[in-house]
């Protein structure tokens, strides 16, 4: 049996899961945009909600820059 240091199944699985999660969120966003097709304002509102949700998730893991004061 050969040991291959460059092969890390955890990273492969993690990347695949991240890619799948991004695709699912994109499909859900498209579905919400289709459902809210009342006009430009409703589409823009749905897009802003999605962007706020994404930004909020990315900031959850980061420490607050003002927390050490």
Residue check for residue 45: modelled with pLDDT of 85 or more and either assigned to a helix (DSSP H, G or I) or within 19 Å of the chain's Cα centre (by Cα) (or both): no
Inside the stretch 21-36, can you point out the residues that are touching a helix residue (DSSP H, G or I) at 6+ places or on another chain (Cβ under 7 Å) and more than 14 Å from residue 54 (Cβ to Cβ)? 33, 36
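Is it the case that residue 55 is modelled with pLDDT under 80 and assigned to a helix (DSSP H, G or I)?
It is true that residue 55 is modelled with pLDDT under 80 and assigned to a helix (DSSP H, G or I).
The values are calculated or read from the model by the stated rules, or taken from the named source; none is laboratory data. Since this is a predicted model, take the numbers as computed values, not measurements. FYI the Cβ positions are ideal-geometry reconstructions off the backbone, even for glycines, and counts take in every protein chain you see.
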